[in-house]
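Notes follow once the structure below has been shown.
The values are calculated or read from the model by the stated rules, or taken from the named source; none is laboratory data. Bear in mind that the values here come from a model prediction, so they are computed numbers and not experimental data. As a convention, Cβ positions derive from the backbone with ideal geometry for all residues, glycine included, and neighbour counts pool all protein chains shown. We work out accessible area using only protein heavy atoms, side chains counted, and drop any ligands, DNA or RNA first. Shrake-Rupley method; radii C 1.70, N 1.55, O 1.52, S 1.80 Å.
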Number of protein chains: 4
Amino acid sequence: MHVAIAQGLREHADFEVGTATLDEPEHGLTDAVLASTDVLLWWGHMAHGEVRDEIVATVQARVLDGMGLIVLHSGHFSKIFKRLMGTSCNLKWREADDNERIWVVEPGHPIADGLGECIEIGPEEMYGERFDIPAPETLVFVSWFSGGEVFRSGCCYARGRGRVFYFGPGDQEYPVYHQAEIRRVIANAVRWACPREPVAAAPYPAERSDAGWFEGGARLA
Amino acid sequence: MHVAIAQGLREHADFEVGTATLDEPEHGLTDAVLASTDVLLWWGHMAHGEVRDEIVATVQARVLDGMGLIVLHSGHFSKIFKRLMGTSCNLKWREADDNERIWVVEPGHPIADGLGECIEIGPEEMYGERFDIPAPETLVFVSWFSGGEVFRSGCCYARGRGRVFYFGPGDQEYPVYHQAEIRRVIANAVRWACPREPVAAAPYPAERSDAGWFEGGARLA
Amino acid sequence: MHVAIAQGLREHADFEVGTATLDEPEHGLTDAVLASTDVLLWWGHMAHGEVRDEIVATVQARVLDGMGLIVLHSGHFSKIFKRLMGTSCNLKWREADDNERIWVVEPGHPIADGLGECIEIGPEEMYGERFDIPAPETLVFVSWFSGGEVFRSGCCYARGRGRVFYFGPGDQEYPVYHQAEIRRVIANAVRWACPREPVAAAPYPAERSDAGWFEGGARLA
Amino acid sequence: MHVAIAQGLREHADFEVGTATLDEPEHGLTDAVLASTDVLLWWGHMAHGEVRDEIVATVQARVLDGMGLIVLHSGHFSKIFKRLMGTSCNLKWREADDNERIWVVEPGHPIADGLGECIEIGPEEMYGERFDIPAPETLVFVSWFSGGEVFRSGCCYARGRGRVFYFGPGDQEYPVYHQAEIRRVIANAVRWACPREPVAAAPYPAERSDAGWFEGGARLA
């Protein structure tokens, strides 16, 4: 999957794209890699439990410091997404070649730039409500499935200084990441989530010297 | 329509239910009627333009002072709803016996009390996205239509001290207001929107005497 | 502290109030206790790290199933609040007898029932922005401190089927939980967060038999 | 005022800046001017009632079609802001040289780019809660005033395809629009509110030919 996703992003000359996989040391997410990453895309399936907790904690800290995070499809069940949401992130699903159509409900949002009123996906794994997430701060897309379900498939959040976008489509059995509009959405989301200033080493300094500030070690659960 | 809606509400012993129609003097919404109303339900179709602007202004002022407002189906195009939203409130529609299924996306919300995971409506007029409203403060329901559309069909707002709920189902050609779950939703919404204290005569008094407060005459556009 | 808080709640005849402390077995939060609890209030200070992770996981699961949670003052740094928020929950603080005034910014919200436009606290520990939380779904109160800070001191969230309210005042050095308006807010919050239906044993069953649903074991991180 | 505001914007080479005043024909807001405007800034005081309703309706339609709108200080009582909000937009005020400090509560938001944790304004007219607006979709700034008040002074909204930002500071008696950080905020807001695609002539076409769409004439109240 990571090849198809990266290929889409490499169409944009202003993006530098790297990949990391579970079986690399530290899953490829070393401090050096994270320190040079503006936006991290996360796709995962089945093996969420194998992701090490201390790597998850490091990624969470980077998001709070300003790194963008795009979570794709079955990444809804990743440790990092559940940690940032605080909920189970459970949902309904069915592999039965349902047709999916993604409706744009916030056409003025940067992540919807260049799209028409909906995106026709064709056959895709069904993901449906109730999706156990906090209400999105901005709900950009709602998906329709031919089998009778709906799904909040484009969800924006702020966490700390970082921005998080969940995007529903993308089962490994379907060629969805090769579709131009899906690539457009992912590129839009990368731009939206990208920090405009460097990710902070210490994001909330106690500038006013008479007030206390709990130090970084207390930050993560 | 008002008979079917009122009939459902009269099943609840703690509700006192009255009705008002366009052809009554002041559309039945005299100051005396509004002064004794906790929650107003609004259903309209085609004749929105005949509702007098000064009555709309009075209703808006009562909402800001704390009266609840439930807007049903084609009431999305009423003057009062457009005034409270600030947008066109336009939407897609089709009369073609689409099947509608209403999904609960906030199962812990009071308006969803006593419901299962979805409500099967059967044939109904289709209302679809993009629905030009401000993003709901709480989105309780999302509808699925067999023809391929989705719709944010249960939308909560606060305006001043008042609470506003838009609920999608209810075309005059279909018996939807006789369905038990729909009656349950409307009754839940009435309880949710009902002010717990009397609707204020002067809701935002300048209690702190050294600060100014623009007086009520300036309130409405 | 728990005595003062419980005393305030016992003024309401329809509340049954129990208490639990860190040094009890399972911190007093056994399965039996949680199973009979509609709303849990959480106050803590300094000893957050001693709360056992498995108890936190159980409490989180109960909230997602519908139990209300009220987090008070220094409870902002409790494991349970950080888990439900997904952020560091860090804030500014100063113990210098700042005067606090709590402004009501959503006067129509149930948690503000019976209040005037603000609550005068008098001397209190300062808690100030930036408070590293997700944007509240409803922001009910904003506090002013004489030393120059502001604080989002009344914050509502939905998590799963449960409702969560964070309330800022309440340092152990000050008599704030004896103040009538503060007791009123806490009682209002308990009513707002209370599930109207029993807390679900299995909150999101896959009623539609052709769709899958990830089982409960996967719920918690 | 318009000179000071325009002067700040002209520091940015990529902005083309024009001005319009009440006493020009159509208040300077002709169709041709609006058609070439990406973002409109609105400052007004006392003379709100003299702005013609049909110009307000035209500006509202342009916002819904995608034009950005920045409303400054006493513009909270302009017809255009009240129409887009649906509420009275009333607030507390006092001219008594209160000191104002603006706290950043969403440091990752584009409008807060380049700011520290707060902006010190010094003496300024006090604007305080309760500010009768719909809850901002994103609350970026909260102001502290030395006299004891707080104010939601940086408020983001989406209306139709357009984005709206209200910014509190800016009384005509004070030099606030000459302050570098205030100019930074306004420039940030212009970039945030600027449509990335041309403002739509017909923003929500019924692309799916089997579904109806209410035509533009019905758009405005």
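Miscellaneous remarks
- Considering C:154, C:148, C:128, the condition of being surrounded by fewer than 23 Cβ atoms within 10 Å (Cβ to Cβ), without any contact (Cβ under 8 Å) to a residue 60 or more places away in the chain and either within 19 Å of the chain's Cα centre (by Cα) or at the interface with another protein chain (Cβ under 7 Å from one of its Cβ atoms) (or both) is satisfied by C:148 alone.
- Complete set of residues in the range B:157-178 that are within 23 Å of residue C:112 (Cα to Cα), among the charged types (D, E, K, R) and over 10 Å from the mean Cα position of the chain (by Cα): B:159, B:161
- Verdict on residue D:46 being closer than 23 Å to residue D:156 by Cβ and at pLDDT below 95: no
- Once the range A:64-79 is narrowed to residues that are among the hydrophobic types (A, V, I, L, M, F, W, C) and at the interface with chain C (Cβ under 9 Å from one of its Cβ atoms), the residue that is farthest from residue A:27 (Cα to Cα) is A:64.
- Selection within the range C:131-144: residues that are facing another protein chain (nearest Cβ under 8 Å) and aromatic (Phe, Trp, Tyr). The member of this set that is surrounded by the fewest Cβ atoms within 10 Å (Cβ to Cβ) is C:131.
- Breaking point among (1) at the interface with chain D (Cβ under 10 Å from one of its Cβ atoms); (2) free of Cβ contacts under 8 Å to residues at least 24 places away in the same chain, for residue A:195: (2)
- Residue within the range D:73-83 that is open to solvent by less than 20 Å² (accessible area, probe 1.4 Å) and touching a Pro at 6+ places or on another chain (Cβ under 9 Å) present: yes
- Residues in the range B:87-118 that are closer than 16 Å to residue B:170 by Cα, more than 8 Å from every other protein chain (Cβ to nearest Cβ) and within 19 Å of the chain's Cα centre (by Cα): B:102 only.
- Boolean, residue B:121 is of a type in the set (Val, Ile, Thr), open to solvent by 20 Å² or more (accessible area, probe 1.4 Å) and within 22 Å of residue B:44 (Cβ to Cβ): yes
- Filtered residues of the range D:88-97 (kept if crowded, with 22+ Cβ neighbours inside 10 Å and in contact with a strand residue (DSSP E or B) (Cβ under 6 Å, 6 or more places away or on another chain)): D:91, D:92
- Checking residue A:203 against (1) open to solvent by less than 60 Å² (accessible area, probe 1.4 Å); (2) at pLDDT below 95; (3) assigned to a helix (DSSP H, G or I), the condition it does not meet: (3)
- Contacts under 8 angstrom Cβ, first residue in the range D:36-65 being in contact (Cβ under 8 Å) with a residue 40 or more places away in the chain and hydrophobic (A, V, I, L, M, F, W, C), partner surrounded by fewer than 21 Cβ atoms within 10 Å (Cβ to Cβ) and part of a loop (DSSP other than H, G, I, E, B), 6 or more apart: D:39/D:194; D:43/D:1; D:57/D:220; D:61/D:220
- Test set (1) part of a loop (DSSP other than H, G, I, E, B); (2) away from chain B (no Cβ under 14 Å); (3) on the phi > 0 side of the Ramachandran plot - residue C:122 fails condition number: (1)
- Being in contact with a Gly (Cβ under 6 Å, 6 or more places away or on another chain) and part of a loop (DSSP other than H, G, I, E, B) is true of residue D:20.
- Among the residues making up the range A:61-72, none is more than 19 Å from residue A:196 (Cα to Cα) and open to solvent by 10 Å² or more (accessible area, probe 1.4 Å).
- Of the residues making up the range D:125-141, those that are within 20 Å of residue D:183 (Cβ to Cβ) and out of contact with any helix residue (DSSP H, G or I) (no Cβ under 6 Å at 6 or more places or on another chain) number 3.
- Residue check, residue D:11 of a type in the set (Asp, Glu), outside any loop (DSSP other than H, G, I, E, B) and open to solvent by 20 Å² or more (accessible area, probe 1.4 Å): no
- Those residues of the range B:157-166 which are out of contact with any Phe, Trp or Tyr (no Cβ under 8 Å at 6 or more places or on another chain), of a type outside the set (D, E, K, R) and open to solvent by less than 10 Å² (accessible area, probe 1.4 Å), in sequence order: B:160, B:162
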